[in-house]
Amino acid sequence: MSKNINTYAEITVEALKELKKHHGSITAQNVKDVWINTAVKLGKSDSITKKGCPKGAFLGILLSGKVKNINVDKYSLNARDIKNKNAVYGKEIIKLLQNKTFTVNDKSKIWNYICESIIGKSIKHNGQVDVACAFYENGYIIK
């Protein structure tokens, strides 16, 4: 990985490589475990490893049905997974990139759009955009 890659993008790409090794059904818990184990393996701090926003976006994007060759069993979700707002943000960011509304270079514009259209107020993003852009720019999204 390049030294300039964002922390959450790095975790995303490495976790996706690990998930591609799984055969058969992948559960939501498998996804969370792979995210955490990947962050630990990469030597990330506890706060980065445990941060829910990027992990939620990661799971949401995997559940979107738009990821190549990785399928998560939707029946393995718990109520918290289903209500995860970061999963919604991740899915919406992927749609914006697919529709070419924004590019991966427009991260602040993407987040401003999410704040205006979904959240209803301006807040700081916590890695959700970096996760979605990593999926997109590394060829994991079905075009």
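The values are calculated or read from the model by the stated rules, or taken from the named source; none is laboratory data. Predicted model only: the values in this text are computed from it and were never measured. Backbone-built Cβ (ideal geometry, glycine too); neighbour counts: all protein chains shown. SASA here: full protein model, heavy atoms, side chains in, ligands and nucleic acids out. Shrake-Rupley method; radii C 1.70, N 1.55, O 1.52, S 1.80 Å.
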Review point. Phe102 fails exactly one of the following numbered conditions: (1) open to solvent by 70 Å² or more (accessible area, probe 1.4 Å); (2) at pLDDT 95 or above; (3) not in a helix (DSSP H, G or I). What is the number of that condition?
Key: (1)
Review point. If you go through the range 120-134 one residue at a time, do you hit one that is within 16 Å of the chain's Cα centre (by Cα), more than 17 Å from Val13 (Cβ to Cβ) and open to solvent by 40 Å² or more (accessible area, probe 1.4 Å)?
Key: yes
Review point. In the list Gly56, Gly65, which residue meets the criterion of being closer than 19 Å to Lys85 by Cα and touching a helix residue (DSSP H, G or I) at 6+ places or on another chain (Cβ under 7 Å)?
Key: Gly56
**Study point:** Glu116 vs. criteria open to solvent by 80 Å² or more (accessible area, probe 1.4 Å) and either outside any loop (DSSP other than H, G, I, E, B) or of a type outside the set (Phe, Trp, Tyr) (or both)
**Key:** yes
Review point. If you take the residues in the range 19-68 that are over 17 Å from Gly90 (Cβ atoms), outside any loop (DSSP other than H, G, I, E, B) and among the charged types (D, E, K, R), which one is most open to solvent (accessible area, probe 1.4 Å)?
Key: Lys41
Revision key, fill the gap. If we ask which residues in the range 7-56 are hydrophobic (A, V, I, L, M, F, W, C), over 17 Å from Gly139 (Cα atoms) and touching a residue at least 60 places away in the same chain (Cβ under 8 Å), their number turns out to be 1
Check your understanding: Pick from Leu77, Leu59: which is within 19 Å of Leu19 (Cβ to Cβ), within 12 Å of the chain's Cα centre (by Cα) and among the aliphatic types (A, V, I, L, M)?
Key -> Leu59
Exercise for review: Search the range 130-141 for residues that are part of a helix (DSSP H, G or I) and pair each with any residue that is of a type outside the set (A, V, I, L, M) and open to solvent by 10 Å² or more (accessible area, probe 1.4 Å) when their beta-carbon atoms are under 6 Å apart and the residues are at least 6 apart or on different chains.
Suggested key: Asp130/Asn6; Asp130/Tyr8; Val131/Tyr8
